[in-house]
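Please treat every number below as a calculation from the coordinates, not as lab data. Values in this document were obtained by computation on a predicted structure and should not be read as measured data. Here the Cβ is made from the backbone with ideal geometry for all residues, glycine too, and neighbour counts use every protein chain on show.
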Amino acid sequence: MLHLLAELFTIGIGVAISPLAIVAVILMATSGKGRSNGTAFIIGCYVFSVVFVSLCVLLGRSAGSEDADSGAHVTVDVVEIVLGLLLVGLAVMQWRNRNHTGTPKWMNALDGMSIWQAFIAGVLISGPLSPKDLPLLIAAGGRISQSTLLVNEIVIVILIFAFIGVLAVTVPWLISVVSPSKVEVRLSGARDWLVANHSVIMTILFIILGAKLIGSGVADLVY
């Protein structure tokens with residue numbers, strides 16, 4: 001189990017480093033309902049990751065991907081390589097858009113969100129609306145489905161992986177809880193920097209993660 005978690009760690013960190021999601025939590029943390037909405041947002045991110053990765057694992061296991069000699073096992077490796085190439089392509093697109101540093105319009109609606117709307121926003125931003133996270137979650141699900149771990153061990157791996165994926169967005173929320181009176185001072189600089197450098201950060205991240213997925217897929221096919 002530890003070996004599998006080590007393999008998934010880089011992917012989990014890749015999921016965690018989501019500048020716009022972090023900015024969203026910062027904006028919630030500096031609003032009147034920061035702690036409650038921030039909590040709902042983070043739970044939404046976590047729940048989506050757990051459910052989506054679990055479905056990917058179930059799909060892979062039902063096809064027999066845990067058998068190293070099966071066609072399903074090879075298919076998972078090929079999908080991983082394709083996802084890696086997709087991330088490299090996204091890196092090129094991000095680099096071309098690096099001069100667009102404005103705050104996305106949807107962020108203007110964060111202040112007026114209810115708890116349930118914040119939860120749904122977390123679900124959407126952590127997967128369906130994220131060009132980065134969906135490929136990574138699919139790759140993680142495929143990698144977990146190839147393991148020969150017991151069901152209870154797989155559940156633990158999924159829960160830990162999803163937790164790693166929300167670590168970064170949890171930081172500004174913790175600051176809003178521990179030091180609510182100083183949250184604006186502490187987080188405003190980070191918010192502006194993340195928005196201004198979002199494209200460059202994502203470009204570097206896409207390249208690293210794309211290379212990681214391609215390398216893992218190729219290595220598994222060869223060996």
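Would you please put 44-55, 70-81 in order of how densely packed they are, using the mean number of other Cβ atoms within 10 angstrom per residue and starting with the highest?
Values: 44-55: 21.3, 70-81: 18.2.
Result, highest mean first: 44-55, 70-81.
Of the peptides 35-42, 60-67, how do they stack up when ordered by the mean number of other Cβ atoms within 10 Å, highest first?
For the peptides 35-42, 60-67, the packing ranking is 35-42, 60-67.
Suppose only helical runs count, i.e. DSSP H with n ≥ 4. What mean residue ellipticity at 222 nm does that imply for the chain under -39500 (n - 2.57) per run, divided by all residues and rounded to the nearest 500 deg cm²/dmol?
On the way: 10 runs with 171 residues, N = 223.
Dividing the helical sum by the residues of the chain leaves -25500 deg cm²/dmol.
Take the Cβ-Cβ distance between SER62 and ASN197 as r, set R0 to 45 Å, and report the resulting FRET efficiency rounded to the nearest 0.05. Numbers along the way, then the final one.
Working: r = 42 Å, r/R0 = 0.93.
Here the calculated transfer efficiency is 0.60.
Starting with the highest mean, order 215-221, 7-13 by the number of other Cβ atoms within 10 Å, averaged over the residues of each peptide. All intermediate terms of the calculation are to be shown ahead of the outcome.
Working: 215-221: 16.1, 7-13: 18.3.
Averaged packing, sorted descending, gives the order 7-13, 215-221.
Output the DSSP H helices from the chain with an along-axis C-alpha extent of no less than 24 Å and a mean Kyte-Doolittle hydropathy no less than 1.6.
On the way: long enough: 34-62 (41 Å, 1.29); 71-96 (38 Å, 1.44); 198-222 (35 Å, 1.78).
Helices meeting the span and hydropathy rule in the chain are 198-222.
Go ahead and collect, in residue order, the members of region 23-66 whose backbone nitrogen is under 20 Å from a label point 7 Å along the Cα-Cβ direction of LEU149.
46-66
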